[in-house]
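Read the figures in this text as sums done on the coordinates, not as results from a lab. Keep in mind that this is a model prediction, so the values were computed, not measured. No Cβ is skipped: glycine too gets one built from the backbone with ideal geometry, and neighbour counts run over all protein chains shown.
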Amino acid sequence: MPTFFVDQHGCAKNQVDGEEISSRLINAGFLAASSPDEADAIIINTCGFIEDAKKESIAAIVEAKTRLPKKKVIAIGCLSQRYPEELFNGLPEADGVLGNGNLSIIPEAVTKILRGERIVLATAQNKKMPSPYYPRIVFFDYPGTAHIKITEGCSNYCSYCAIPLIRGELRSRSIEDIVLEARNLIAQGMFELVLIGQDLGNYGKDLSGRCLLMDLMEALSNIEADFRIRFLYIHPDHFPSEILKIIAHDSRFSPYFDLPFQHASTPILQKMNRHGSATEYLNLIYRIRSELPMSMIRSTFLVGFPGETEEDFAALLNFQKTAEIDWVGVFTYSLEENTPAYDMKARIPKSIARKRKAILENEQIAITANRLQRFIGVSDTFIIEEAFDHDELCFGRGWMQAPDIDGVTIINASLKPGTIAKANIVSVNGVDFNAELEYTTTP
C-alpha cells in the first residue's frame, strides 16, 4: 500500500482540510506514515495568507525534497490554491501542486504523482459547501478535541486580506449538517468542539439573508450529552449580541470570544474596510463582560498598515490599555498582491512595524497576567492534553484557553490525554494556571 505523511501548516481551517485529506487518502487505500522518512508521499499542507507563512511553507517543501530526494513531495492547500502555476513552474522540488477547491480529487491526484506524473491541479472553489459533510477519521488535535468548519470563505473584503482570493466568498453549511457532525463527533468521544469560520457573525447570511448562529446554537443545545463548544472567530462589526443570553443559559457554550479588532484608529479602520470604531468596540467589550462577567476575550492587532501614523498607533495603544483584553496576538502588516491595500501609499518601514508590535506585546504581558488572576480559586473542567513521563503532572486546557494559542493549565496529577478532569486553579504562572486535581470523569 502507498504511504503518506502530512506536514501541516496554517490555521485551524486549514487543519480541518488536512484531516479530511488524510481521511480521504486512508479510505482510498493509503497508509498514514508516522514520519516523512517512512512515507512515499510527503504532503505539505501549505498556508498562503501572509508573507511569513508563505515563506515557511515554501521552505518546508524545499527542505523535504532536499533531505529526502527520492520521496514525492506534494504541495497542497492555500498557497497551492493561490499560486498554482507559479509553484509548479518555479519550484521544481514540488512533484505536484494541488489546490483546496475540491478535496475529493486528492487521492486520485496523489496516485498519479506516485506513478511519476508531475501535475498541477487547482480547481475553483465550490459555490456551496459540500453536503453531507465528509466524516473524518483522522484528527490533528489532542485527544478529545475536534474542529468543525461551519463556513468557508469570506465576503467582508478587508483591504489587506487575501482570504477571498484563496477561499472565495462566504458559504455556510446547513444547520442540520453541522448538528449531525457534532453528534457523531461526540459519539466518537470528543469533548470540545471548536466551531470555526472566517467570520461566524456572518454564518448563514448567504443561506437566509441573516445570521443563523443563534439558530445553530439552539439546535446544538438539544444534543443531550456532556460536551463544550467554542466559537472561533467573530468579526466585531458583526457580533450577534443575542448569543450572550444563549451562552448564559447553557454552560456547554464557552463564554470565549475571539474578536479580531485589528485596530482602534478610525482612519486606519476605514482604510482596512472595517466599519467599527474604538468606542463601539469598547462598548461591545463592556456589554459582553456585563452579561458574562467571567468571559474571556481574545483579539488580534495589525500594525504597520499603510499610512499608520504615530497618532494612529497611540490610539491603538490606548485602546489596548482601556479594553484590557485577556489574550492578544499582534501581527505586522503583510503586503499581499491583488488586495486593495497593496497599492496604498505611505508604506510603513518594517523596522517601525516590528517596534510597534514589540511595544504592544510587552504591554499585553501585564494585562494578561492581571486578567488571569480572577480565576484563582475557581474550580472548573479541563481536558487533559499531555502528561509528563516522570512527574505527577499533566497539561490541561479549560474553556478559557483556546487550543494552541493561549496558555495551559498544569495539574498536579499524571492523567491520560483525553481525560476530563475537575480541578481547582490555585495560582497563575505567566500565561498558565496551576491547578489541583479534584476528580476525573469521561466525556
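With the simple model of a label 7 Å out from the Cα in the direction of the Cβ, Asn370 to Asp389 spans 4.2 nm.
Calculated FRET efficiency, Glu324 to Thr66, Cβ-Cβ distance, R0 = 56 Å: about 0.75 to the nearest 0.05.
Isolated cysteines in the chain, defined as those with no second cysteine Cβ under 4.7 Å, comprise Cys11, Cys47, Cys78, Cys154, Cys211, Cys394. Counted by neighbouring Cβ atoms within 10 Å, the residues Lys128, Lys416, Lys205, Lys271 run from fewest to most as Lys416, Lys128, Lys205, Lys271. Counted over segment 376-441, the DSSP beta bridges are approximately 90% antiparallel. Structure note, pairs Lys13/Lys128; Lys245/Lys321; Lys149/Lys205: Cα-Cα distances above 25 angstrom occur for Lys245/Lys321. Excluding residues on the same chain fewer than 8 positions from Lys65, give the lysines whose Cα lies under 25 Å from its Cα. Partners within reach: Lys54, Lys55, Lys112. Annotation: for a label point projected 7 angstrom from Cα along Cα→Cβ of Glu85, residues of segment 106-134 with backbone N closer than 17 Å are 119-125. Cross-link partners for Lys357 among the aspartates and glutamates, with Cα-Cα distance under 16 Å and sequence neighbours closer than 8 places in the same chain left out: Asp52, Glu308, Glu310, Glu311, Asp312. By the helix-only formula, in which each DSSP H run with n ≥ 4 contributes -39500 (n - 2.57) and the sum is divided by residues, the chain has a 222 nm mean residue ellipticity of -10000 deg cm²/dmol.
Counting only DSSP beta bridges with both residues in the chain, the antiparallel share comes to about 35 percent.
In plain terms, the chain from Asp215 to His249 could stretch by 10.8 nm, reckoned as 0.36 nm per residue minus the Cα-Cα distance. Quick check on my link table: of Lys72/Lys355; Lys71/Lys127; Lys355/Lys416; Lys271/Lys350, which ones sit more than 31 Å apart, alpha carbon to alpha carbon? Violating the 31 Å Cα-Cα cut-off are Lys72/Lys355; Lys71/Lys127; Lys355/Lys416.
Extension gain, Ala32 to Ser427: 0.36 nm times the residue separation minus the Cα-Cα distance gives 138.1 nm.
From the alpha carbon centroid of segment 1-79 to that of segment 395-422 is 28 Å.
Counted residue by residue at 0.36 nm each, then reduced by the alpha carbon distance between them, the extension gain from Val179 to Asp404 reaches 78.5 nm. Extending 7 Å from the Cα toward the beta-carbon at both Ala124 and Thr441 defines two label points whose distance is 5.0 nm.
The residues neighbouring Lys245, those whose beta-carbon lies less than 12 Å from its own, together hold a net charge of -3 under the Lys/Arg +1, Asp/Glu -1 convention.
If R0 is 30 Å, the Cβ-Cβ spacing of Met294 and Ser131 corresponds to a FRET efficiency of close to 0.25. Other residues lying with their Cβ under 12 Å from the Cβ of Ala278 contribute a combined charge of 0, Lys and Arg counting +1, Asp and Glu -1. Segment 364-388 and segment 227-273 have Cα centres separated by 21 Å. Using the Cβ-Cβ distance between Glu169 and Asp226 with R0 = 41 Å, the FRET efficiency computed as 1/(1 + (r/R0)^6) comes to roughly 0.65.
A simple count of charges around Trp399, restricted to other residues whose Cβ falls under 10 Å of its Cβ and scoring Lys, Arg +1 and Asp, Glu -1, yields +2.
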